[in-house]
Amino acid sequence: GSTLGDAAAESGRYFGTAIAGYKLSDSVYETIANREFSMITAENEMKIDATEPQQGQFSFSAGDQIADWAAQNGKQVRGHTLAWHSQQPSWMQNMEGSALRQAMLDHVTQVATHYRGQIYAWDVVNEAFADGGTGARRDSNLQRTGDDWIEAAFRAARAADPGAKLCYNDYNIDNWSWAKTQAAYDMVADFKARGVPIDCVGLQSHFNSGSPYPANYRTTLESFAALGVDVQITELDIEGSGQQQADTYRQVVEDCLAVSRCNGITVWGVRDSDSWRSSGTPLLFDGNGNKKEAYYATLDALNGG
Ligand code: G3I
């Protein structure tokens, strides 16, 4: 294949990007996004604060803009994200207990219902485990409603959109030897054992000096997959530049291709200048939209090179 999406499709996979809706009017941005990618994630527009700014009053126009652009251009959509401790609207930040639990479930139901039939996979729950060596759940208002809030969110999402794959998504679950990875693994194993509806695990894979690409990444992908879920690389970016960065992108792609249930890779933005990292050059295109060494390595690896 001569584009990332076409090359990934040759092995039955997708290659995606995060899209900021307001940038679709930038023709350099839109041209690259349309040409290279087969899966789209809304970078912010389907999050809780965007879709339910006031309790019970839903706002889908920004998310719909992205979903419509994707559909018009023959692309699939990953939904991001239904339940998260962050980017909650202020009304939700101020809630707790059973009222919050019900508000969260209502949110999951309403948003998944609105997008029913348009979403390949939902990040149902995002970033629910704590950083560091404890393997504990992250403390949050949602966690304080009870340990079962995650499975409750998954059940609500399944009921609202039975056709979407349902994913648990997190960062720093890439290194197999880290406690956070093991904690997420144990939760997924428990969900599979008890029949909680979960179909996939999203490894965000934001790699930088503090959490570099780990040599055991393939082991992590294989281990999650062996539980009977798909694994998807959902927010890939790699700090660095030049050949070293290109080599790491190549390794990530090779690891995914080596695991049959690793069925797609999404990078978290189009050009370096689109990255959430205000400094750095973690993506595949430079600020002018030129292909970087990292792009060519990624394409070559997707093509089996
Ligand atoms: O839209 C407002 C704008 O009106 C305002 O003037 C401006 C001033 O700060 O803020 C704008 O909102 C910002 C929004 O991005 C849109 O640009 C928010 O402040 C900013 O916090 C938000 O950042 C996003 C971040 O999630 C928030 O948690 C990033 O774009 C987005 O890339 C990032 O994505 C997350 C994933 O969802 C989950 N995994 C980690 C990843 C990177 O942090």
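The table below lists the values:
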| quantity | calculated |
| --- | --- |
| Accessible surface ranking that places the most exposed of 213, 168 first, with a 1.4 angstrom probe | 213, 168 |
| Highest-fluctuation residue, 149, 91, 268 considered, GNM on the chain with Cα pairs under 10 Å | 91 |
| Projected label distance in nm at residue 279 and residue 22, using a 7 Å step from Cα toward the beta-carbon | 2.4 |
| Within-13-Å neighbourhood charge of residue 185 [Cβ basis; K, R +1; D, E -1] | -3 |
| Cα point-scatterer Debye curve for the range 56-141, base-10 log of I(q)/I(0) at q = 0.21, 0.25 Å⁻¹ | -1.07, -1.30 |
| Average accessible area per residue (Å²) across the chain - probe 1.4 Å, nucleic acids and ligands excluded | 37 |
| Dipole axis of the chain (+1 Lys, Arg; -1 Asp, Glu on Cβ), positive-most option in 303, 275, 25 | 303 |
| Whole-Å distance, taken between Cα centres, linking the range 129-189 and the range 243-305 | 26 |
| Protein accessible area in the chain, 1.4 Å probe - carbon and sulfur % | 45 |
| Calculated FRET value between residue 10 and residue 96, using beta carbons and R₀ = 45 Å, to 0.05 | 0.35 |
| Cubic angstrom per residue, convex hull over Cα atoms of the chain | 120 |
| Lysines whose Cα lies under 21 Å from that of residue 292, excluding same-chain neighbours fewer than 8 positions away | 23 |
| Dipole magnitude (debye, nearest 20) for the chain, charges at Cβ of Lys, Arg, Asp, Glu | 420 |
| Mean residue ellipticity (222 nm) of the chain, computed from DSSP H runs ≥ 4 via -39,500 (n - 2.57), nearest 500 | -11500 deg cm²/dmol |
| Computed FRET value (nearest 0.05) for residue 2 with residue 87, which takes r as the C-beta separation and R₀ as 51 Å | 0.90 |
| Largest to smallest accessible area among 60, 207 [probe 1.4 Å] | 60, 207 |
| Rg(Cα)/(2.2 N^0.38 Å) for the range 209-261, N = residue count | 1.18 |
| Between helix 97-114 and the chain: long-axis angle, C-alpha atoms, 0 to 90°, nearest 10 | 50 |
| Extent along principal axes [Cα atoms of the range 220-305; Å; largest to smallest] | 41, 27, 17 |
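The values are calculated or read from the model by the stated rules, or taken from the named source; none is laboratory data. This is a predicted model, so every value here is computed, not measured. Heads up, the Cβs are rebuilt from the backbone with ideal geometry, glycines too, and the neighbour counts pull from every protein chain shown. Accessible surface areas use protein heavy atoms only, side chains included; no ligands, DNA or RNA. Shrake-Rupley method; radii C 1.70, N 1.55, O 1.52, S 1.80 Å.
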